[in-house]
Amino acid sequence: MPEVRFYHMTRTTLDHALPDLLARSLDRGWRAVVMASSDERIDALDQHLWTFDDRSFLPHGGKKEGRASLQPIWLSVEDENPNAAEVLFLTDGADTDNTGLFETVCVLFDGNDETAVQKARGQWTRFKDQGLGLTYWQQNDRGGWQKKQEVQPSQ
């Protein structure tokens, strides 16, 4: 049964928070899927992950590049796991019905966007009702993550 982590961004944007979380995942030896709500957003994330830091990049690909099994990070608008990833990152209000395909599901949402906050609250309730373990992380004043709440999985 996967763990679902909610990341409430209050100090930085997705473009800043996502590369750090992806790098941490790769450091753990995990593969990742990043799901966004539109092809345009996937294109923007694709460009950003190559250029967010002039000293490094995050190896990734998507439908345009193909060869999912070779991609440590897969970018998609589809609810899928073609690269056998351990972790799924849901961005821009994307949602999944396939939590069981992953060890960890991360919901990233902008705390300055009321629509995004309401969507995340709905996801929290739905995942909790499914009996999944949940953790809620919020950015502190320095932009780091602080655990604010945890719900144990129900048996």
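The values are calculated or read from the model by the stated rules, or taken from the named source; none is laboratory data. These numbers come from a predicted model, not from an experiment. So basically every Cβ, Gly included, is an ideal-geometry build from the backbone, and we count neighbours across all protein chains shown.
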Looking at G143, is it at pLDDT below 95 and either under 25 Å from W30 (Cβ atoms) or touching a His at 6+ places or on another chain (Cβ under 9 Å) (or both)?
-> yes
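Based on this model, can you work out whether W74 counts as at negative phi, buried (at least 17 other Cβ atoms within 10 Å of the Cβ), among the aromatic types (F, W, Y) and in a loop (DSSP other than H, G, I, E, B)? Spell out the reasoning first.
Details: at negative phi: yes; buried (at least 17 other Cβ atoms within 10 Å of the Cβ): yes; among the aromatic types (F, W, Y): yes; in a loop (DSSP other than H, G, I, E, B): no.
Answer is no for this residue.
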Top-ranked residue of segment 7-27 - restricted to ones that are more than 11 Å from the chain's Cα centre (by Cα) and touching a residue at least 40 places away in the same chain (Cβ under 8 Å), ranked as nearest to L75 (Cα to Cα) = L26
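In segment 96-111, what residues are free of Cβ contacts under 8 Å to residues at least 60 places away in the same chain and charged (D, E, K, R)? Step through it out loud before you land on a result.
So in segment 96-111, the residues free of Cβ contacts under 8 Å to residues at least 60 places away in the same chain come out as 97-98, 101.
D97 - this is the single residue of segment 96-111 that is free of Cβ contacts under 8 Å to residues at least 60 places away in the same chain and charged (D, E, K, R).
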Mind telling me which of the residues E150, E114, E80 ends up being among the acidic types (D, E), free of Cβ contacts under 8 Å to residues at least 60 places away in the same chain and closer than 16 Å to R31 by Cβ?
-> E80
Quick one: count up the residues across segment 83-94 that are at negative phi and either crowded, with 23+ Cβ neighbours inside 10 Å or touching a residue at least 60 places away in the same chain (Cβ under 8 Å) (or both).
-> 7
Taking the residues in segment 117-150 that are aromatic (F, W, Y) and assigned to a strand (DSSP E or B) as candidates, determine which candidate is nearest to P2 (Cα to Cα).
-> Y136
Which residues, taken from segment 4-59, are assigned to a helix (DSSP H, G or I), farther than 20 Å from L134 by Cβ and of a type in the set (K, R)?
-> R41
Looking at (1) of a type outside the set (V, I, T); (2) farther than 23 Å from Q118 by Cα; (3) surrounded by fewer than 18 Cβ atoms within 10 Å (Cβ to Cβ), which is the only condition H16 fails?
-> (2)
